[in-house]
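Below: the structure, in structure tokens.
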Amino acid sequence: MATEKISAEARRRYSERVKEYKQAVDQIEAQAKKLEAVLHGAPKAAQPKANQEGADPEALRLAGLKRFELAGGCLNQVAYFCLMHSLSLSLLGVKNEAYLNEARKGCYRAIIFLEEAVTPLVDAAFSEYEVGVESLREIGDGPKYLFLRKLGFAIDSVAEGFGANTKWKWSFVELEGRYAVVAKNLLNLKTFLAQLDPRVAGYSERLAHIKLAKRLLQQSADRYREKYELSTLRLDDIKQAVLFLSALKRLHTLLGEAEEAEVVKRKMDIWKAKMEDDQRKQELAAKMAKVRRGPEG
């Protein structure tokens, strides 16, 4: 349905239907601003370890819990924005990209709050972000995994709403990659192996969580490689792909999955060789271009 053919009655019905959802979004935003005001100046696990020296563990715990709550509020807003977009499709016959874009931003905001709690480090020893994971200890494994499921559903819903040919196509690679990182960094790898026992409460959630983290890391590596090959040819993208593989290899090694770790290592070696070969070709092409331009170029 073309925009000019939308009847006044259809617009009225749409406006009435989305009114309560807009109010809900505004209420969540007002509550978020109050929480963020409380967080102003609070310590972040994402800061370098040196900045954490002397930080009050209780302050870190409270800040982590508030950030997790704020991330949840962002996802609730995303759900409302996606719902309002769906209503636009069903009642008006048109996409509402303004709502989709707000939903996309909401996914980013949710991830940023989690990054502030558990760091955005892609491939690092657990000790480098342990303080952030500890700040969320009381949340429990079940709620963490449920949140990650909701976050993944939100990202998929927004991407599906925009469609395959959206201008945001390749930006979703970064969004999905950051999702993969917080999924990994929410795992308590210090206690994970000891709790990998069906008799320990939360076993199924922990097992599902680690499987999700491994799948997302592999997916992000593949997506960055795809972005490199089909879009940018920027070495930064294939370097990022290799970094995600390295994080996946680290997980496999920690879990004692030697065969899986070796498979990922071989893949890393092939991708690194490709990256180094392409880098040499780019450097040679740049030199040739400079020669063609001459000394005055």
>> Looking at 50, 42 in this structure, which one is part of a loop (DSSP other than H, G, I, E, B), of a type in the set (A, V, I, L, M, F, W, C), surrounded by fewer than 18 Cβ atoms within 10 Å (Cβ to Cβ) and at pLDDT below 95?
In response: 42
> Where in segment 193-297 are the helices (runs of 4 or more DSSP H), entirely inside, with at least 3 residues that are touching a residue at least 60 places away in the same chain (Cβ under 8 Å)?
Replying inline: 203-227, 235-254
>> Just to be sure I understand the filter: pairs with C-beta atoms under 8 Å, separated by 6 or more residues or on different chains, first member in segment 149-168 and under 18 Å from residue 114 (Cβ atoms), second member hydroxyl-bearing (Ser, Thr, Tyr) and surrounded by 13 or more Cβ atoms within 10 Å (Cβ to Cβ). Which pairs pass?
In response: 151/179; 152/179; 155/179
>> Pairs needed: first member in segment 56-70, free of Cβ contacts under 8 Å to residues at least 40 places away in the same chain; second member anywhere, assigned to a helix (DSSP H, G or I) and not acidic (Asp, Glu); C-beta distance under 7 Å; at least 6 residues apart or different chains.
In response: 66/35; 66/38; 66/39; 69/35
>> Kindly evaluate residue 153 against the criterion of being over 22 Å from residue 246 (Cβ atoms) and among the aromatic types (Phe, Trp, Tyr).
In response: yes
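Quick grid of which residues meet (1) surrounded by fewer than 17 Cβ atoms within 10 Å (Cβ to Cβ); (2) among the aromatic types (Phe, Trp, Tyr):
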| residue | (1), (2) |
| --- | --- |
| 224 | no, yes |
| 228 | no, yes |
| 233 | yes, no |
| 240 | no, no |
| 268 | no, no |
>> For the structure I just gave you, tell me whether residue 181 is in contact (Cβ under 8 Å) with a residue 40 or more places away in the chain, assigned to a loop (DSSP other than H, G, I, E, B), of a type outside the set (D, E, K, R) and closer than 29 Å to residue 245 by Cβ.
In response: no
> Only one of 223, 250, 178, 206 is over 30 Å from residue 80 (Cα atoms) and of a type in the set (Lys, Arg); which?
Replying inline: 250
> Across segment 220-247, what is the total count of residues that are touching a Gly at 6+ places or on another chain (Cβ under 9 Å) and either of a type outside the set (Gly, Ala, Ser) or at pLDDT below 95 (or both)?
Replying inline: 4
>> Which residue is surrounded by the most Cβ atoms within 10 Å (Cβ to Cβ), if the candidates are limited to segment 126-174 and must be of a type in the set (Lys, Arg) and outside any helix (DSSP H, G or I)?
In response: 169
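The values are calculated or read from the model by the stated rules, or taken from the named source; none is laboratory data. Since we're looking at a predicted model, the values are computed, not measured. We place every Cβ from the backbone using ideal geometry, glycine too, and count neighbours over all the protein chains shown.
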